[in-house]
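The values are calculated or read from the model by the stated rules, or taken from the named source; none is laboratory data. Note that the structure is predicted; figures quoted are calculated from it, not measured. Here Cβ is always computed from backbone atoms with ideal geometry, including for glycine, and neighbour counts include all displayed protein chains. Ligands, DNA and RNA are excluded from the accessible area calculation, which covers all protein heavy atoms including side chains. Shrake-Rupley method; radii C 1.70, N 1.55, O 1.52, S 1.80 Å.
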Amino acid sequence: VFTRPTSSLRAAVREIEVDRALMPEAPGSYYLNPYVGCMIGCEFCYVAERADFSRELAGLPALPWGRWVDVKVNAAEVLREEVKTLTPGPVRMSPILTDPYQPLERRYRVTRGCLEVLRDAGFTPVILTRGARIVEDLALLSSFPRAVAGFSIPTDDDRVREQFEPGADPIEERVAALEALHEAGLSTFAVIQPVLPMDPARLAAMLAPIVERVRVDRMHSMERALPLYERAGCPDAATDDWARRTQAEIVAALRERG
């Protein structure tokens, strides 16, 4: 049972040193996690079980998802050596195991340090986040010949966000940050996943002018997420019929806007 993240719960932060930074995904394509664990702590996150398993292997106690983070304090240093022998290509940084712009980035700047190394070595960052603080690195991202950045924005209604993503930045802050990235000339995108209760036409109108592409997908691990729908008073939104209908509506609304 995972508790809802609140400011009253203390978090466990470890500073660790790593031997590797870049993980190959395909020839000339890589993945990078500046941290492990995420203090945004969305309860529906399907990564939580994987993270529990990795902590168990390391002999660490299980903690609620959102209440622990391992900071790879030497990631940029390791990365600087790795890029000397690797072919430049896209480097994906997204919330599969951690959000690159979670609150701790303001203190540790591991993501920023890695981006500086990638820029100097000719690699291309592809970033997905829920953290509006990405705009603090706007000048750095703009210095890449091409950088790709996007936001997870699963609804247009911040009251829904408060129920499902209480530890994440408000929707309007994410949209404003995405607009700033777009205006700075970055290639921008949005991920509407999981599709949460929304006004599809309103969300499409918010996103269409400031993104080049959108990915739409439903909630995964619904058994884990179901209590959130019940607590938010929208159990119908957890059904397959609702997900299919809402996905079709948001896709249609986006296509109408090009």
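Entry comment: accessible area of region 138-258 is 47 Å² per residue, from protein heavy atoms only and a probe of 1.4 Å. Here region 113-180 and region 80-98 have alpha carbon centers that stand 17 Å from each other. Using a simple spin-label model with pseudo-atoms 7 Å out from Cα toward Cβ, residue 56 and residue 19 lie 2.4 nm apart.
In a simple Cβ point-charge model (Lys, Arg +1; Asp, Glu -1; nothing else charged), region 1-150 has a dipole of about 360 debye relative to its Cα centre.
Ligands, DNA and RNA left out, the 1.4 Å accessible surface of the chain is 51% carbon and sulfur atoms. Distance between the 7 Å Cα→Cβ label points at residue 220 and residue 176: 3.2 nm.
When every Cα-Cα distance of the chain is counted in 10 angstrom steps from zero, the calculated P(r) takes the values 7, 30, 35, 23, 6, 0 percent.
With the simple spin-label model, which puts each label point 7 Å out from Cα in the Cβ direction, the residue 139 to residue 257 separation comes to 3.1 nm. In percent, how large is the relative contact order of the chain, given Cα pairs closer than 8 Å and 6 or more residues apart? Averaging sequence separation for qualifying contacts and normalising by length gives 17 percent for the chain.
Using a cutoff of 8 angstrom between alpha carbon atoms and counting only pairs six or more residues apart, the relative contact order for region 98-156 works out to 39 percent. Note on residue 198: accessible area approximately 40 square angstrom, rounded to 10, probe 1.4 Å, nucleic acids and ligands left out. Using a probe of 1.4 Å, the accessible surface attributed to residue 230 totals some 110 Å² when neighbouring protein chains are kept in position.
Per residue, region 9-126 exposes 47 Å² of accessible surface when a 1.4 Å probe is rolled over the protein heavy atoms with every protein chain present. What shape does region 1-121 have by the C-alpha gyration tensor, where a ≥ b ≥ c are the square roots of the eigenvalues, rounded means a/c under 1.5, and otherwise prolate means a/b greater than b/c and oblate the rest? It comes out prolate by the Cα gyration axes. Extension gain for residue 208-residue 73 works out to 44.9 nm (0.36 nm per residue, less the C-alpha to C-alpha distance). Available extension along the chain between residue 12 and residue 106 is 32.2 nm, counting 0.36 nm per residue and deducting the alpha carbon span. Within region 1-105, the chymotrypsin sites (Phe, Trp or Tyr not before Pro) that combine a DSSP coil assignment with at most 16 other C-beta atoms in a 10 angstrom radius are 46. Near residue 189, the amide H atoms lying under 5 Å from its own belong to 149, 150, 151, 212; only residues 5 or more places off or on other chains count, and H is placed 1.01 Å from N.
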